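First comes the structure, then the notes that go with it.
A short reminder: the numbers here are calculations on the coordinates, not readings from a lab. Just so you know, these numbers come straight off a predicted model, no measurement behind them. Here Cβ is always computed from backbone atoms with ideal geometry, including for glycine, and neighbour counts include all displayed protein chains.
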Amino acid sequence: MIIVHDILQARENIADYIHETPILHSSQLSEICGNEMYFKAEHLQKTGSFKIRGASNKVRKAAREGTTYVTAASSGNHGQAVAYIARQLGIQATIVTPVDSAESKKNAIKAYGGKIEECGTTSAERLPRAKELADEHNGMFIPPYDDPLIMAGQGTIGLEIMEQLEDVDAVVVPIGGGGLISGILTAIKQTKPKVKVIGVEPDTANDTFLSLKNKKITAIPATTTIADGLRTSQPGHMTFPVLQKFLDDLVLVSDEEIKQAQKFVLERMKQLIEPSSAVTVAAAMNGKLGINDNNVVCVLSGGNVDV
């Protein structure tokens, strides 16, 4: 497992490549949710999502080792991040995307200098292809979540939250493969263990929920949830033990609840977030967090939306 030292080192490694994103507050959502609602604005991050943190930490290491070619398997945000940081470091990048990923995300990957190869609709299909391409070109595969450097990079969000907001009772985090929440869990639970960390999944992409229930990694079939960044088939082998050890709760939200939350944030807060971000707001708006009169921080993980 990673430790706080790894996250502190990651923060130093990636400082030149990322933004320290702000924390927003909504009085209207606070009234609706019965908590003081704050939002860690990773949708305002470079490349439009938190993914640049872990990608920068990993690709920077690849560059220092002399790697000149990297690959990634991504529905969009991780691919954008890898393409962006690879170009910054003078490295070629090929991103293997699902055939049904948003055109806006694929266009962004191309704009950042990445090449695209489409493969299947699930992570189980595109991950092996990305690894194969890396081997063919003597390059390095950059995992989307199941990697210590990726997890540590994402964990820098947890450090920032604790520093930016003095009194935090709970942090609410989207769950896909688990890289984001495992990093945040490590940062928070090893520094302020009394702060609750609550994960959120779409109810049709509930692989981590089932895995925790079954006490072992459990795969699910392909899903078409609107939260396309959370369509992993199972949690990571490195990320899952962190969740088992530290996670306080995991709740599920429906696609309709996600849509309503995304619309509310756009209309009332004037912030454009993607559905994968909106799961945390949906959980809060629908009373699923099980807490009241607390200071709650929802992580808004990205804002890359196909309009």
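Here are some notes:
- Database remark: amide H of Ile198 closer than 5 angstrom to the amide H of Val171, Val172, Val173 (H placed geometrically; neighbours at sequence offset of 5 or more, or on other chains; Pro and chain starts carry no H).
- For the range 236-307: span of alpha carbons on each principal axis (Å, largest first): 38, 31, 21
- Only Lys, Arg, Asp and Glu carry charge here, each on its Cβ (+1 for the first two, -1 for the last two); on that basis the chain has a dipole of about 540 debye about its Cα centre.
- Derived scalar couplings between HN and Hα for the range 159-169 equal 4, 5, 4, 5, 7, 7, 10, 5, 10, 10, 9 Hz in order, rounded to whole Hz, by the Karplus curve 6.51 cos²θ - 1.76 cosθ + 1.60 (θ = phi - 60°), x for Gly and Pro.
- Stokes-Einstein diffusion coefficient of the range 51-141, Kirkwood radius over Cα pairs, 20 °C, 1.002 mPa s, in µm²/s: 172 µm²/s
- Order by protection proxy (mean Cβ within 10 Å, highest first), peptides 281-287, 217-223: 281-287, 217-223
- Here the range 176-284 is assigned +1 on the Cβ of each Lys and Arg and -1 on the Cβ of each Asp and Glu. Its dipole about the Cα centre then comes out at about 520 debye.
- Charge sum, other residues only, whose C-beta stays under 10 Å from Gly183's C-beta, Lys/Arg counted +1 and Asp/Glu -1: 0
- What the phi angles of the range 277-282 give under the Karplus curve with 6.51, -1.76 and 1.60, with θ = phi - 60°, is a coupling list of 6, 5, 4, 5, 5, 4 Hz, glycine and proline written as x.
- Computed on the range 51-141, with alpha-carbon pairs under 8 angstrom and 6+ residues apart, the relative contact order is 31 percent.
- Residues with amide H under 5 Å from that of Ser26, placed H, sequence gap 5 or more: Met37
- Environment charge at Glu257 (Cβ cut-off 14 Å; Lys +1, Arg +1, Asp -1, Glu -1): -1
- Helix content alone sets the calculated 222 nm mean residue ellipticity of the chain: runs of n ≥ 4 DSSP H residues at -39500 (n - 2.57) each, divided across all residues, give -13500 deg cm²/dmol.
- Surrounding net charge for Asp207, when Lys and Arg each add one and Asp and Glu each subtract one, Cβ distance under 11 Å: +1
- Averaging Cα coordinates gives a centre for the range 61-106 and one for the range 148-199; these two points are 24 Å apart.
- Inverse of mean 1/r across different Cα pairs in the range 167-206, Kirkwood, Å: 10.6 Å
- 3J(HN,Hα) along the range 204-211, derived from phi through the Karplus expression 6.51 cos²θ - 1.76 cosθ + 1.60 where θ = phi - 60°, amounts to 9, 9, 9, 5, 6, 4, 5, 5 Hz, with x in place of Gly and Pro.
- Residue exposure proxy: Lys110, Lys51, Lys270, Lys216, ordered by other Cβ atoms within 10 angstrom of their Cβ from fewest to most, comes out as Lys270, Lys216, Lys110, Lys51.
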